Amino acid sequence: MFTSVKAFEGQQYSTLKRQCLQSGLLFEDPRFPATDDSLFYQGNRIGRVVWKRPRELCEDPHLFVDGISAHDLHQGQLGNCWFVAACSSLASRESLWQKVIPDWKEQEWDTEKPDSYAGIFHFRFWRFGEWMDVVIDDRLPTVDNQLVYCHSNDSNEFWSALVEKAYAKVYGCYEALDGGNTADALVDFTGGVSEPVDLLEGQMATDEVARNQLFERVLKVHNRDGLISCSIRATTVEDMEARLDCGLVKGHAYAVTDVRKVRLGHGLLAFFKSEKLHMIRMRNPWGEKEWSGPWSDSQCGFFQRLRGSLEGGKVLGLLASAPFGLSFPLCLSFCRMNFDDFCQYFTDLILCRLINTSYLSIHKTWEEEVMRGTWTHRQDPLRNRSGGCINHKTTFLQNPQYVFDVKKVEDEVLICLQQKEKRATPKEGKGENLAIGFDIHRPKLVTGCKTKGFILSSLCRELTLDEPPQTCWTGMCGYPQLVTQVHVVSAEGLQGQDTNGAVDSYVIITCEGERVRSPVQKDTRCPNFDIKGVFYRKKPKEAIHIEIYNKNMIMDTFLGQVVLFSEPNERQEQHTLHLRDKGSRQDNDIPGMLTVRLFTSTTLTNI
């Protein structure tokens, strides 16, 4: 299950447990002691805390009571709903929580063998490119004999409190978990790659096509065992934890626990009807009844209430059927929503994808590469690896650079850039992570900016030389002298060739053997191409060709071309040019005009 697991702070679980059993003493973790230093970095703000072991809190403690479930978790006196929401998502995936809670049966309390208990547990988190095995003792912070932080519905179930303690140990103290990003916890639990989705920016509430495409992405991530979280953005301090009229809460991380595409009707009728409902279910770490709109508990608590609802009337039979009834139970701690309503209220979505690299998988697999590096400052520009962001044009290319190949047009590249958490140094106060980023450049250049350490996941290799090595071919081939951006804006009056008098056109921009091709613009003689190509050129006097073709089933047909020359540092002006023929017939006009913009510079970083 783990190719490599590193013992956090050098503590080996099996060795420590064996020592405790031999001595007859319960484990007390010297690396995370039962003191205020393990709770706070800014001083105690909740009063006297008593650390107690589970056996001091109940008679029959267990890791799990009736299995593990998203129902189990409740947030305590700590603003870590982001972590608790991630735990709720984790609880719904057996293959994943068994990675975080390894050999859980061996760690469980055994009432028949009380002498086998040593007061020690271990959990695993993916940290900065490797799995860490974190050892803790079972002493938990309490006030008035109640757990202070994360706890379960069942007073004798302790998996959530113990996982939280191990996570707090990794970050330095419990208070370091106050305020955070669910995406971080999802990645830490899975080793996956998180993808933030801004529902407002994507106009998901109003754009039905984009909304349906997003639902398919969310459904795909869920069906392939990824973890998902969502939230409603709070823009002011007063907005935090504000409850909307519909019952949802701003500023809280909700765990998405199920995503389904449900056919309307019941029985055989469901398989012949094309109408479907896109449904999503999520849970607030507070575990309170909230959402009051369609499919909420108040509207779906009893089947007879649905008869008066148009939407409910359509699926009365479905709610009573096993698949939908079991997948979306009538539980007070869950919010069930139509995806349209979801996009109307929620503003942010986090998709944590699991990177499947198995060649035996029936699903699409990925090739993965992890590159480790640092932004290091040197006075020598050739050795400096800290060039700042793209605004610093004179030093930007001194950043670490990586080259990778996209071998097929349909291939997908997923890049994840991470930095080490600054919250893990509580003695210095909880620090904020620095702004980091990367840019993807053609031809095949990736650079990063601003901070100390990072990893970059992609199939790539680092570029360590300032320029290619000198060879006998260097003088003949040379290096790029110019950079040119060609922006094909649009065309008009193209010669109609299809039966409807229109064309399905695309353009190809060619410069010194490099080509950029646009998508096909269908059924129009006045296409809006809006395609840009950037070319690093060794031969300034060589022409740039822009050709237009009509897309056909058997053979594409030529519609015309323009041939351009671009001088360095000319003003970036827009030109509208007549289309010409090829070869010896270049002087012949062809129906249609092409609008382009050109810009050429001798400074290769100007574009």
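A few points about this structure:
- The set of residues from the stretch 557-572 being in a strand (DSSP E or B) and not hydrophobic (A, V, I, L, M, F, W, C) comprises Thr557, Gly560, Gln561.
- Criterion: loosely packed, with under 13 Cβ neighbours inside 10 Å, of a type in the set (Ser, Thr, Tyr) and either farther than 27 Å from Asn606 by Cβ or within 39 Å of the chain's Cα centre (by Cα) (or both) - qualifying residue of Thr499, Thr524: Thr499
- Considered as a group, the residues in the stretch 148-170 that are of a type in the set (Ser, Thr, Tyr) and surrounded by fewer than 23 Cβ atoms within 10 Å (Cβ to Cβ) include one that is nearest to Gln98 (Cα to Cα), and that residue is Ser152.
- In the stretch 87-107, the residues that are part of a loop (DSSP other than H, G, I, E, B) and in contact with a Phe, Trp or Tyr (Cβ under 7 Å, 6 or more places away or on another chain): Ile101
- Qualifying residue in the stretch 38-61 (condition: exposed (fewer than 12 other Cβ atoms within 10 Å of the Cβ), of a type in the set (Val, Ile, Thr) and part of a loop (DSSP other than H, G, I, E, B)): no
- Subset of the stretch 496-519 (residues that are modelled with pLDDT of 90 or more, assigned to a loop (DSSP other than H, G, I, E, B) and within 21 Å of Thr576 (Cβ to Cβ)): Val503, Ser518
- Selected residue (criterion: nearest to Phe8 (Cα to Cα)) from residues of the stretch 129-147 that are touching a residue at least 60 places away in the same chain (Cβ under 8 Å) and out of contact with any Phe, Trp or Tyr (no Cβ under 9 Å at 6 or more places or on another chain): Glu130
- Hits in the stretch 108-128 (condition: out of contact with any Lys or Arg (no Cβ under 7 Å at 6 or more places or on another chain) and either closer than 27 Å to Lys420 by Cβ or assigned to a strand (DSSP E or B) (or both)): Phe121, His122, Phe123, Phe125, Trp126, Arg127
- Here Ile607 fulfils each of the conditions (1) at pLDDT 90 or above; (2) among the β-branched types (Val, Ile, Thr); (3) under 30 Å from Thr395 (Cα atoms) apart from (1).
- Residue in the stretch 235-249 that is buried (at least 21 other Cβ atoms within 10 Å of the Cβ), hydrophobic (A, V, I, L, M, F, W, C), modelled with pLDDT of 90 or more and touching a helix residue (DSSP H, G or I) at 6+ places or on another chain (Cβ under 8 Å) present: no
- Note on the stretch 528-556: residues that are part of a strand (DSSP E or B), farther than 15 Å from Thr510 by Cβ and of a type in the set (Asp, Glu) total 0.
- Against the list (1) modelled with pLDDT of 90 or more; (2) among the charged types (D, E, K, R); (3) part of a loop (DSSP other than H, G, I, E, B), the condition Lys364 fails is (1).
The values are calculated or read from the model by the stated rules, or taken from the named source; none is laboratory data. Quick caveat, the model's predicted, so the values are computed rather than measured. Every residue, glycine among them, receives a Cβ derived from its backbone with ideal geometry; neighbour counts consider all protein chains shown.
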